[in-house]
Amino acid sequence: MFRLLRTSGLSLGQKLALFLALPLAIAVLVALLVEHTLYADLATNRAVLQATTLVEQRELLTKTVLDAETGLRGFLLSGEPQFLQPYHTALYRFPAVIVSLRRMEAGTPDALREVNQIDMLFHQWLTQAAEPRIRLRQLTPVGLAENAQQVYEEILLATRARRQGARSAWSTHSRTAHQLLARLLRLPLPNDARAAWQGLNTEFNRYRAHPDANIEAVLIRQTGRLANEARRADDAVTALAPPGNGNHLVDRIRALNNRALTREQTKLASLLAADHGNITGAEIVGFGGPLLAVPLALGVLVLFLRIVLRTLRDMTEAAGAIAGGEYTRRVPGERDDELGKLARAFNRMAERLQKRQHQDKLIAGFSEMLQTCLALDEAYHATERFCSELFPGTHGALYLINASCNLMEEVTAWGERQGESVFAPQDCRALRAGHPYVVENPGDLPCAHLPQSTPIVSLCIPLTGQNKILGLLQLRAAHPARPEAVLDQRDLAFAVAEQLALSIGNLRLHEVLRQQSIRDPLTGLFNRRYLEETLQRELARAERHAQPTSVIVLDIDHFKRFNDDYGHDAGDIVLRAVAEVLRKAVRTEDIACRYGGEEFVLLMPGTGSDIARERAERVRAAVAASTLVHADQSLGALTISAGVASYPDHGDTAERLIKAADIALYKAKRSGRNRVLTAD
C-alpha cells in the first residue's frame, strides 16, 4: 500500500490528507461526543443550581415557621412583648420566601399547589391560632391573677382583724389591700375587668371609711369571684402555650414542606450523580478516543481535548462553586468558537444568579433594617438607601396617605425628583384600581401625579395593610432608552412594597401602643410611670447644668363628694377638666401627668420654687374659675390644693422631691384647702 501510494502520483498534500482521513474522522467523532457531553453537563449544572436554591428556600421556610411558633409560645407563657420578636421576624420573612418559592416552582403545578397550600395554612394559623392567642394574652396581663389573689387575702385578713378588734392589724391589711388594688388597676386590663375592679376599689374605699360587717361580706364575695375569674383566665392562656395545642395547622405546614424538601433533596442527589456520570463519560471519551487515532493526528487530538476538557473542568468547578455560594466565579470565554459561546452563556447565567443573590441579600438587609427601626423617619431613610441600590437606573419615591386620607405625601425619594410631592389619591391609577399600574408603551395613560410632557416607563404599587391604603411605591426609568430598569424588576418591586407595607403598618401600631403605655387613658396626660422615668432624667440634667427643677403636686379638694353625690361619670368629668387646665398651663418643656386617683403632678425643668408657685397659683385660680355641668346639673365649686418643691432646695432625688411636695400639699389641705404651699 505504501509502495502504491509512493507510485500513484499523488501529491504530498493528497497523501497526507489520505493518511489523516481516518484519524481526522475519529477526531471529529470524538469532538462531537465531547461537545454533546459538555452540553449535557451544562444542563445538569443548571438543574443542580436550581435544586440547591430550592432546597435552601425550603429549609428557610421550615425555620420561619418554627420561629413564628416559638415566639408565640414564649409570649403566651411570659406575656413579655420581646418574646414576640422571632414571631414578627418570621412574619416579615414569610412573604418573601413564599414569593421566591412560587417563582422557582412556577413550572411544577403540583409543587406550586403545595406552596399555595402552605401559604394558606400559615395565614389560617395566623388568623385562627396565633392572633387570637396573642389577643387573649394581651387581655389577660401577666400578674393579674397573682395580684387579685393577694388583694383577696389582704381583705380577708383585714376583716378578720376588725372582728377581733385588732385595730392596728386591720389598718395595716386594709392599707396593703388598697395599695395592691391601685397596682392592679395600673395593669392593661380589658374594659369590663377594669370596671369590675374599679367598682371593687370604690366599695373597699367605702369600707375603709366606714367598716361594716355587711360591706365585709360583699367585699369578700366579690373579691373571691374576681380572683377566681382572673386565675381561670390566666390558666386558660397558659394552657394554649404547650407545643401541639391547637398547632395542627403548623404540623401540616411542616409535613408538606418536609415532603417537598425530601423530594428536592432526592432530586439534587440524582442530579449530582448524573453530573458525575457526565464528567466520567467526558473523561472516557476524551482520553479513549485519541488512543484509536493514528500517531499523525495524536498531537491535534490531544490539543483539542485539552482545550475541551479544560473548558469542561472550568465550567464544572465554576458550577460547583456557584452552588456553594461563590457567585463571583466565572469561566474564561475569550474563544470565538462554540466553547467560547457556551462559556459566555454560562457567565451570563452566573451574573444573573449573582445579581439575584445580591438583590436577595439587599432585601434581607432591608427587611432586617426595617425590623430594627423604631420610628417612621428611620424607615424612610432605610428605604431611600436600599431602594437606590435595589433599583439602579431608576428614580423613585415613597408616598404615605395623610391622617385625613385625602392626600398622598412624599416622605422619601431617590434619584431625580419628578412629579408631584403631594397629590390626591384619585390622581394615581394604581390607587384607584387597588392594584399595581405600569406605563410601558407610548400609548399608555400615565398617572396625573407624574410629568405629562415626557411620558416614561413607570410603575406604581399601592401599599396596603389591614384592608386599607397606607401609601404608594413609585418607580420611573431614569432614561427613556432603558425601560428594562423598571420592567425587569417588577417582582422585586412587589416584594419591597410588601415589606414596606408590613413595616409601616407595624411602626404606626407601635407608635399607638407606645402612646397608650405612657398616657393616662381618662385624661390624656402622661401617667405615673412616664413621670418617674422623666423626673430621674431631668434631675440628672439639672445636676449636670446646675439648674433648678420644680415639681407641683396637686390634689382635687373633696373629690369623693363628686363621686358620692353625682356618680363616677361626674368624677371623670372633674378629672378631665383639671387635666385640661394643666394642659393649657404647661410650657413645651413641662410635663403634666396624672399621678394617681385625683392627684396630679406638674414637672417644670429649669424653674425655681418661686416661679413654680406662681404657676401653681394660676392653675389653682383657673380651676376655681371653671364651671362644670353634668346631666344638666351644676357640679358646684371645684378647687385644688397644691404643694411645690424644688431641686436642690427641697430634695436631691426624685423620691425626696415628690415627698417634699406631697407634704406641702397635705399642709395646704389641713390649712383649709384651695391653696398652694411651698415645701419647708
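Couple of notes before you dig in:
Yes/no per residue for (1) within 14 Å of LEU256 (Cβ to Cβ); (2) free of Cβ contacts under 8 Å to residues at least 24 places away in the same chain:
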| site | (1), (2) |
| --- | --- |
| GLY71 | no, yes |
| PHE83 | no, yes |
| VAL99 | no, no |
| LEU121 | yes, no |
| ALA130 | no, no |
| THR140 | no, no |
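- Condition met for TYR595 (at pLDDT below 95, within 19 Å of ILE658 (Cβ to Cβ) and aromatic (Phe, Trp, Tyr)): yes
- Filtered residue count, the range 637-653, keeping only those that are more than 21 Å from SER626 (Cα to Cα) and either surrounded by 22 or more Cβ atoms within 10 Å (Cβ to Cβ) or at pLDDT 95 or above (or both): 5
- So PRO86, is it within 21 Å of ASN506 (Cβ to Cβ), within 19 Å of the chain's Cα centre (by Cα) and surrounded by 15 or more Cβ atoms within 10 Å (Cβ to Cβ): yes
- Residues located in the range 150-159, provided they are buried (at least 20 other Cβ atoms within 10 Å of the Cβ) and of a type in the set (S, T, N, Q): THR159
- Counting only residues that are crowded, with 21+ Cβ neighbours inside 10 Å and at pLDDT 75 or above, the range 124-144 holds 3 of them.
- So GLN50, is it at pLDDT below 80 and within 30 Å of ILE253 (Cβ to Cβ): yes
- Of the criteria (1) touching a Lys or Arg at 6+ places or on another chain (Cβ under 9 Å); (2) basic (Lys, Arg); (3) surrounded by 18 or more Cβ atoms within 10 Å (Cβ to Cβ), which one ARG162 fails: (1)
- So GLU538, is it among the acidic types (Asp, Glu), buried (at least 19 other Cβ atoms within 10 Å of the Cβ), at pLDDT 90 or above and in a helix (DSSP H, G or I): yes
- For PHE94, the stated conditions do not hold, so it cannot be described as at pLDDT below 80 and buried (at least 21 other Cβ atoms within 10 Å of the Cβ).
- Pairs, first under 30 Å from LEU180 (Cβ atoms) and outside the structural domain of ASN205 (by TED's automatic domain parsing) in the range 594-618, second among the acidic types (Asp, Glu) and assigned to a strand (DSSP E or B), C-beta under 7 Å, six or more apart: GLU598/ASP555; GLU599/ASP555
- Breaking point among (1) without any contact (Cβ under 8 Å) to a residue 24 or more places away in the chain; (2) surrounded by 16 or more Cβ atoms within 10 Å (Cβ to Cβ), for ASN147: (1)
- Scanning the range 388-402 for residues that are under 20 Å from the mean Cα position of the chain (by Cα) and within 10 Å of LEU475 (Cα to Cα) turns up just one, LEU398.
- Residue within the range 166-181 that is surrounded by 14 or more Cβ atoms within 10 Å (Cβ to Cβ) and touching a Phe, Trp or Tyr at 6+ places or on another chain (Cβ under 6 Å) present: no
- Residue in the range 162-179 that is hydrophobic (A, V, I, L, M, F, W, C), assigned by TED's automatic domain parsing to the domain that holds ASN201 and touching a strand residue (DSSP E or B) at 6+ places or on another chain (Cβ under 8 Å) present: no
The values are calculated or read from the model by the stated rules, or taken from the named source; none is laboratory data. Since the structure is predicted, the reported quantities are computational estimates derived from the model, not experimental observations. Virtual Cβ from ideal backbone geometry, glycine too; neighbours counted across all protein chains shown.
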